Amino acid sequence: MPEILTAPLTVSFPFTRSLGPVQSAFLTGLRERTVLGVRTTDGRVLVPPVEYDPVTAGEIRDLAEVAPTGTVTTWAWNPAPRDKQPLRTPFAWVLVRLDGADTALLHVLDAPGPHAVRTGMRVRIRWAPERTGAITDIGCFEPYEDEPGEDETAAGKAGAGEDRAREAGHRPAAPHDGVFDAPVTGIVTPARLDYTYTPGRAMSRHLAALAEHRITGERCPSCRKVHVPPRGVCPTCGVPTTEQTEVGPHGTVTTFCVVNIKAKGAGIDVPYVYAHIALDGADLALHARIGGIPYDEVRMGMRVAPVWTGDARHPDHFRPTGEPDAAYDTYKELL
Amino acid sequence: MTPPRDVAVVAFAHSERDGSADGASEPEMLLPVLREALRQAGLAPGEADFTCSGSSDYLAGRPFSFTLTLDSVGAWPPIAESHVETDGAWALYEAWVKILTGRADTALVYAHGKPTAGDPADVLTRQLDPYYLAPLWPDPRALAALQARALIDAGHLEEPPAAEAHAVLPLRAGDFPAPVDGAAAVVLAAGDTARRMCERPAWIRGIDHRIEPQAPGLRDLTDSPSTRLAAERAGAFRAPVDTAELHAPCTAQETVLRRALRLDGTVTVNPSGGALAADPVMVTGLVRLGEAAARIHRGDSDRALAHATSGPCLQHNLVAVLEAVPEGETR
């Protein structure tokens, strides 16, 4: 069995989303170093805010400003940050309930090590230097000591921080109209995923033969049809195909179209002909470009042969062989 | 509500748990599994009244990969077919509903996943909220570890020893299964057809699935109210189960599920090894249903619970109750 082929495959796309009014106010607010929540029907303040009430599903629009300080509700230490994550050095994932909010926001905490992180600790937002209206406008959270209060000496240091956290947590969120100059109306999140693609065993066999300028198919043991390119299975019968057979190289144009619109980045001048070609011995037509003949002279039944150029694995195009055209009856089942 | 028809799992097959697909394409990986399930049920390719599959294109980065897998099922002449972009357990749910409506007597359900083609730690971040979560790229292990810390703080889980190496503190590498490639298939059948196909059919007494908010901060991560509600609606609490197959892709999550499902020491939990033994992503949940059914087929269980999950921190949960005796015979 030939080697299984693999190739790197990258799927990369800018994930573009429009924002609802609440999300727009929240993300614009982050740009302006203001954190907004939304008040639910039952009076809770959700941060990050949502457009619809999680309980009643009704529209909610009452915005409220919460503090840039808060309390860690749970955390996890990440010793090996990945490329796209917000910090380069080991950090803690945290859920933070900002003072004035009733729910917690997921983000990262810059801390020297897991020994410096605990549930209930006080943290504050470290703003990103350049902000665009995105969740990453919060660069990260950082540990935060509350300013010494007037009762500091009386209460003593131990436990005072948590007392203050409780007080701060009860500090009511202030109503906010959510109006900013130049509101953000959408986000674009670049996404890139890297894969190792493998075409499978049957396709690897086919591609290995193509490299030797041979075109192979596989015969179904049940219906006896030869599938080109082979997929390791007969799609009609649902049984594995294992018997390889060489087809072509000559074949017959079963149908075709004339391409008049140039594809972006394509190095072929229009108009050109793209055709279905039934290779001799194959029971499935493959498709390829027809060259070596003016586009308006290509016809159904025309006999063609593959042309390889350079060291390419796939034929560059098919050319006329000069054989007499095939009779319609010989290829009508392959249309 | 009593289902109007008795429907059973009559066949189950899954791929070896050896790790990678070994160069096989999706159809090539599925083919032996489909053939084995169909053989058990005595069906020819394309003969089932309905075909339903579960998978995610993102896992292997192949658009419309589920259409390629139709090569393996004998889809000509055209078959009645559907697909869910999630774990195959939800494909089984759709097929069960289809049979309950009377529009089909038999169904082939399958799932496939090739997570080793990409990096699930990156890929699975793309299922998260695109506004507030996805831009931070929090991988499933990070989210599971946040849940584990919440469980420790609430006293439901032990603090791990400080000396151990951690994948994402408080969780260790051994707390997570390694994602593997895999495929599984199940055949469902109604009434007498099921009895003809299988000596001891695993009758589906109920299935339900429930979902929680997508924002982790809106949820109580120490509990799984969606699992509990799905179990209630599936009838899981009407009588004790002897077996439970749980889809917990992290040890800490099994703790949450055991409590939500009220599983005590009398229940055999994950006799198959569970999701920790092998996690073919998008297949693992369907395997739980299949393994629970197979125990009933073999006579090792009379009443089994199967659970499947999807999303971060057990966000979306499906519970099925399977029995050796159909509803009709106990009425």
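Values quoted throughout were computed directly from the atomic coordinates according to the rules given, and no laboratory measurement underlies them. All values derive from a computational prediction rather than experimental measurement. Positions of Cβ are backbone-derived with ideal geometry, glycine not excepted, and every protein chain shown enters the neighbour counts.
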Query raised in the report: For segment A:68-100, which chymotrypsin sites (Phe, Trp or Tyr not before Pro) are in a loop by DSSP, counting at most 16 other Cβ atoms within 10 Å?
Result: none
Query raised in the report: lysines near A:Lys264 by alpha-carbon distance under 23 Å, same-chain residues fewer than 8 away left out - which ones?
Result: none
Query raised in the report: Considering chain B as a Gaussian network with a 10 Å cut-off on Cα pairs, which listed residue, B:Ser53, B:Ser25, B:Ser301, attains the greatest mean-square fluctuation?
Result: B:Ser25
Report task. Please determine, in degrees from 0 to 90 and to the nearest 10, the orientation of helix B:26-41 with respect to the longest principal axis defined by the Cα atoms of chain B, where the helix direction is its Cα long axis. Result -> 50
Requested in this report: Report the charge-dipole magnitude of segment A:9-189 in Debye, nearest 20, computed about the Cα centre from +1 at each Lys and Arg Cβ and -1 at each Asp and Glu Cβ.
Outcome: 700
**Report entry** ³J(HN,Hα), Karplus 6.51/-1.76/1.60, whole Hz, each residue of segment A:4-14, x for Gly, Pro
**Finding:** 6, 7, 9, 8, x, 9, 10, 10, 9, 7, x
**Report entry** Candidate aspartates and glutamates for bridging to A:Lys262, where Cα separation is under 15 Å - those fewer than 8 sequence places away on the same chain excluded
**Finding:** none
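Distances longer than 37 Å among the Cα atoms of the protein assembly as shown: what percent of all pairs is that?
On the way: 107647 of 221445 pairs.
Within the protein assembly as shown, distances greater than 37 Å cover 49 percent of Cα pairs.
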Query raised in the report: Farthest toward the dipole's positive end in chain A, which of A:Phe15, A:Asn78, A:Leu286, given Cβ charges of +1 (Lys, Arg) and -1 (Asp, Glu) about the Cα centre?
Result: A:Leu286
**Report entry** Nonlocal amide H pairs with A:Thr189, under 5 Å, H built at 1.01 Å
**Finding:** A:Phe15, A:Thr16, A:Arg17
Report summary line: Spelling it out for A:Phe141: with amide H atoms placed in the peptide plane at 1.01 Å from N, the residues 5 or more places away or on another chain with amide H under 5 Å from its amide H are A:Val108, A:Leu109, A:Asp110, A:Arg126
Query raised in the report: For chain B, what is the Kirkwood estimate of the hydrodynamic radius, computed as the reciprocal of the mean inverse distance between distinct Cα atoms, to one decimal in Å?
Result: 19.9
Report summary line: Diffing segment B:7-12: the Karplus 3J(HN,Hα) column from phi (6.51, -1.76, 1.60, θ = phi - 60°), in whole Hz with x for Gly and Pro, holds 10, 10, 7, 10, 8, 8
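Please sort through the DSSP H helices of chain A and keep those with an alpha-carbon extent of at least 30 Å along the long axis and a Kyte-Doolittle average not below 1.0. Let's see the in-between values first.
Values: long enough: none.
Helices passing the filter in chain A: none found.
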Query raised in the report: Where a Cα-Cα gap under 27 Å defines reach, which lysines qualify for B:Lys114, not counting those fewer than 8 residues away within the same chain?
Result: A:Lys84
Query raised in the report: Cα convex hull of segment B:264-329: how many Å³ per residue?
Result: 112
Requested in this report: Show the residues, 5+ positions off or on another chain, whose built amide H is closer than 5 Å to the amide H of B:Ser53.
Outcome: B:Ser82, B:His83, B:Val84, B:Tyr110
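Please get the size of the charge dipole for chain B, origin at its Cα centre, with Cβ charges of +1 on Lys and Arg and -1 on Asp and Glu, quoted in debye to the nearest 20. List each step's numbers first, then the result.
Values: 29 positive and 44 negative charges, 148 e Å.
In total the dipole reaches around 720 debye.
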Query raised in the report: Taking neighbour Cβ counts within 10 Å as the exposure measure, how do A:Val188, A:Val307, A:Val273, B:Val187 sort from fewest upward?
Result: A:Val188, A:Val307, A:Val273, B:Val187
Query raised in the report: Which chymotrypsin sites (Phe, Trp or Tyr not before Pro) in segment B:64-101 pass both tests, a DSSP loop state and at most 11 other beta-carbon atoms within 10 Å?
Result: B:Phe64
Requested in this report: Give me the net charge of B:Arg62's neighbourhood, meaning all other residues with Cβ under 10 Å from the Cβ of B:Arg62; Lys, Arg count +1, Asp, Glu -1.
Outcome: -1
Query raised in the report: Considering the dipole of segment B:166-247 built from charges on the beta carbon (Lys and Arg +1, Asp and Glu -1) around the Cα centre, which of B:Ala215, B:Ala189, B:Pro170 is farthest to its positive end?
Result: B:Ala189
Requested in this report: Work from the charge dipole of segment A:200-334 (Cβ charges, +1 for Lys and Arg, -1 for Asp and Glu, about the Cα centre) and give the residue of A:Leu334, A:Leu207, A:Phe256 farthest towards its positive end.
Outcome: A:Leu207
Report summary line: Longest principal axis of chain B (C-alpha) makes with the long axis of helix B:88-100 (C-alpha) an angle, in degrees to the nearest 10, of 40
**Report entry** Whole-Hz ³J(HN,Hα) from phi, Karplus 6.51 cos²θ - 1.76 cosθ + 1.60, for segment A:308-320, glycine and proline x
**Finding:** 8, 10, x, 10, 5, 6, 8, x, 5, 6, 10, 10, x
